[in-house]
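What follows is calculated from the coordinates using simple rules that are stated; it is not laboratory data. Quick caveat: nothing in here was measured; it's all calculated off a predicted structure. Please note: Cβ atoms are built from the backbone with ideal geometry, for glycine as well, and neighbour counts cover all protein chains shown.
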Amino acid sequence: MGRYALRRLLQMIPVFIGSTFLIFFMVYALGDPVAALFGDKAPDPATAARIRQDLYLDEPLWRQYVHYMGQVFSGHFGTAFNGQPVTELMASAFPVTLRLTVVAIVFEMALGITLGVLSGLRRGRGLDTSVLLLTLVVVAVPTFVSGTVLQYLFGVTWGWARPSVSPEAPLTELLLPGVVLGLVSLAYTTRLTRTSIVENARADYVRTAVAKGLPRHRIVTRHLLRNSLIPVVTFIGTDIGALMGGAIVTERIFNIHGVGYQLYQGILRQNSPTVVGFVTVLVIVFLLANLLVDLLYAVLDPRIRYA
Amino acid sequence: MRGAPYSLRARRALSALCVSAVALPLTACGGGDGGAEDGVVRSSWGDPPNPLEPANINDVQGGKVLDMIFRGLKRYDPRTGEAKNALADRIESSDQRNYTITLKKDRRFANGEKVTAASFVNAWNYGARIDHKQRNAYFFEYIEGYDKVHPVSGGAPTAKTLSGLRVKDERTFTVRLTQKFSTWPKTLGYNAYAPLPRAFFEDHATWLRKPVGNGPYQVRSYTKGSVMKLRAWDGYRGPDKARNKGVDLRVYTDNNTAYTDLQAGNLDLVDDVPAQQLKFVRSDLGDRYINQPAGIIQTLTFPMYDRAWSGPAKAKVRRGISMAINRAQITERIFHGTRTPATDWTSPVLRRQGGYQPGLCGDACRYDPARARKLIKAGGGLPGGRMTITYNADSGSHKDWVDAVCNSVNTVLRSDRACVGKPVGTFADYRNKMAGKEMTGPFRAGWQMDYPLIQNFLQPLYYTGASSNDGHFSDTGFDRMVNQANAASADGRAIAGFRDAEKVLAEQMPAIPLWYQNGSAGYSQRLSEVALNQFSVPVYAQIRVG
């Protein structure tokens, strides 16, 4: 297991370098960002040239990349155009998005697995059908619609929550946006759990457990659910990365100054240090989450061994 | 900014729900106060893209802050746009080229330091020098010695300071310009000319984190990207002391959210009503909605460097295209009256005495399908039988109106394919294409004035080789008239001179005036006496709370 984890960690290095280069290249391909710094006015060529030189933009792409990676390995992610170090942006953005992601994940896990188990155990009955319909609706409604509608209902009509999140982004204010962010994943979690439960309900070990005369709740939680969770955990694991990176829409609606916001600004302003820096960290998060999922398999199903 | 396609119908339905919900005892429409501080205005803000130095800010959001924490030599009257003395006691010249500036007595920065002649001279020298990479460096280009501190080639400067600036005593300094420029003193209300305290030069990083100025407000705290808290400064001695206790500028990534927050009572002032809400804003806010002219004009500029579009015959085509655009309909349908059809190349905020002349464009700006067809035909038709309108697709709702303009042209020319929009992915790329002379047809151009002067609407845009002459228009007659106007000793004669130059534009039509853009704002019931200045920035100091 230790060797397995180590191998996986080593495999991350080429993935990391490859992905950063790709992102770097893509942002670079968008063109020269300096002109936009001058707004609707034509830049003064001398000043623009100086800024370009300052940002290493006058060098060929590979040298820019080498310079950038050199910075990254010394823990410095470059400077955004407004003069702020990217690490400072990260320090303010990642905790916020992390909190938001935690709310979303907890929400989708707690509610999604519960609903999935309930409807899986009552296959074909009223509850199952209504949950099925509900998840269909949730999947079909895009986040910007559900987000705006819930924001309007809770924030303006009923006044139960603030429509926007304050800069400190306390957990209580992130409840509503977290729910919005987790909604679509919630539906998938429910469906996955349900299918898995239905499948495993006829498995031999469940029949054995029933034959042994174990109490029902013990059969469900210890035997049935634990084995059924493997696909669900896989999904949730990959979802962590997806939620963090994909929070752009939710963060915009609720004015949360997290990763999505910084990425959006970075792309809009073609600020390669910001975009590459943030995506790099997201890539790491994604890789680590995947590793965690793979290691969790053995915990859930003792038959799985790592070599 | 491109907004998320919010569902308006849903919103209306919800409003109806809200009304019915009032009947229930436990629910209320409107919502909480969101932590409103007594006497403090909560206002929406956008993250300034550049560091907050006076000579480095060229966007409205950063300008908003500078306008609150700085006062320069002049200040534009928020109502009339007239340049009035602020810190300047007198600005004198006998030849329109050498100026002597005397400051008012006993003005201070918020950190207690005196505002002296050196505060200005040092700040201007800083702004002009190429090593500091200030976006607005070119504002100092008329001062003698600019080419030494800011070589056009971009190389190392041969001087550290502008030779045209001399401190005479604590309250007096002199300025020598490279050419006659009669309206120059009136440009000094622009933020780039603000004075700077010693702290700016001694500890630049600290100053940037918490700027110190000499205006009616001082910065209490600044969290980049989220909020800037400004509080009224008691030591301010100007006539426009703050009438509220302070202003919290909150960064919103989406103006729809800001608008929702205003409705929920979490925000007091939005100065950018989202396009999607314009239909409802009157019923939502009543007279708490402001829609008034700002110093912004939108044009379709032609690439005069492209032979297909230049030459006398094509002037007819350009005029014809202008006549083919139904401005009235587009401003009403697409912009809901937040733009006004343009009939000259300036802006109504200049007012007539400042050089605005409605109708100067004449017939060429009037919708006339029959004559448009005739003119385009007489000029040899569209080059290659068709044209594209280039715009950047990443911000604003440019696509909507470009398509509408093309539609209008197509209808007039009775062809579906005569005109099509041509989007460019990002604004930066768009600017680069413009700078690289890669435009093959008319392209969108917007001009936001730096100061309310007719000179600012003409010279930077249409003078040969001027900084923002993106179409590379060049006409000796136009240039001569601008030079004469700049050399005129009397105000009225300068303005008349610029008007004459503007008539050259009406004839040659290097850029089609489309519409004047309005500033729009909405505010909560907590506020009164909210107004926008000509730059569409709220006049914060005069807002009353409660």
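What the Cα convex hull of the range B:214-260 gives, in volume per residue, is 91 Å³. The alpha carbons of the protein assembly as shown give a radius of gyration and a Dmax of 30.4, 109 Å, in that order. If you model the range A:48-173 as an ellipsoid using its alpha carbon gyration tensor, with each semi-axis the square root of five times an eigenvalue, the axes come out at 45, 20, 15 Å, biggest first. Across the range B:61-68, rounded Karplus estimates of 3J(HN,Hα) from the backbone phi angles (6.51 cos²θ - 1.76 cosθ + 1.60, θ = phi - 60°) give 5, x, x, 4, 5, 4, 5, 8 Hz, Gly and Pro being marked x.
Among the residues of B:259-267, the average count of other protein chain beta-carbon atoms within 10 Å of the residue beta-carbon is 6. The Cα-based radius of gyration of the range B:473-543, divided by its Kirkwood radius, gives an Rg/Rh of 1.22. Expressed as a fraction of 2.2 N^0.38 Å, the value expected for a compact globular protein of N residues, the C-alpha radius of gyration of chain B is 1.01.
Using the Cα coordinates of the range B:293-517, the gyration tensor eigenvalues translate into equivalent-ellipsoid semi-axes of 26, 19, 18 Å, sorted from longest to shortest. Amide H contacts for B:Ile290 (H built 1.01 Å from N in the peptide plane; partners 5 or more residues away or on another chain; cut-off under 5 Å): B:Ala521, B:Gly522. Translational diffusion of the range A:5-87 was estimated from the Stokes-Einstein equation, with Rh taken as the Kirkwood radius over Cα pairs; at 37 °C and 0.692 mPa s the coefficient is 225 µm²/s. Residue pairs exceeding 19 angstrom between C-alpha atoms, taken from B:Lys316/B:Lys374; B:Lys84/B:Lys104; A:Lys41/B:Lys180: A:Lys41/B:Lys180. Amide H contacts for B:Tyr76 (H built 1.01 Å from N in the peptide plane; partners 5 or more residues away or on another chain; cut-off under 5 Å): B:Lys84. For the range A:243-257, backbone phi angles converted through the Karplus equation (6.51, -1.76, 1.60; θ = phi - 60°) give residue-by-residue couplings of 5, 4, x, x, 6, 3, 5, 4, 5, 5, 4, 9, 6, 9, 8 Hz, Gly and Pro being listed as x.
A convex hull fitted around the alpha carbon atoms of the range A:169-307 yields 132 Å³ per residue.
The tail of the calculated P(r) for the range B:155-208, taken as Cα-Cα distances beyond 12 Å, holds 79 percent of the pairs. Its Cα centre serving as origin, the protein assembly as shown has a Cβ charge dipole (Lys and Arg +1, Asp and Glu -1) of approximately 1180 debye. Here the sum of -39500 (n - 2.57) over DSSP H runs of 4 or more residues, divided by the residues of the protein assembly as shown, equals -14000 deg cm²/dmol at 222 nm, to the nearest 500. Amide H contacts of B:Val424: B:Tyr391, B:Asn392, B:Ala393, each under 5 Å away and 5 or more positions distant or on a separate chain (H built 1.01 Å from N in the peptide plane; Pro and chain starts excluded). Across all Cα pairs in the range B:272-312, the calculated P(r) in 10 Å bins from zero up to the longest distance comes to 21, 28, 18, 16, 15, 2 percent per bin. Note on chain A: semi-axes of the ellipsoid equivalent to its C-alpha gyration tensor, largest first and rounded to whole Å, are 44, 26, 14. The peptide list B:513-526, B:168-181, A:290-303, B:493-506, put in order of mean Cβ contacts within 10 Å with the highest first, becomes B:513-526, B:493-506, B:168-181, A:290-303. When the trypsin sites (Lys or Arg not before Pro) in the range B:344-423 are filtered for DSSP coil states and for at most 11 other beta-carbon atoms within 10 Å of their beta-carbon, the remaining sites are B:Arg414, B:Arg417.
For chain A, the longest principal axis of the Cα atoms and the long axis of helix A:259-268 meet at an angle of about 40 degrees. With contacts taken as Cα pairs under 8 Å at a separation of at least 6 residues, chain B carries a relative contact order of 19 percent. Compared with the rule-of-thumb size 2.2 N^0.38 Å for a compact globular protein, the range A:90-270 has a Cα radius of gyration ratio of 1.19.
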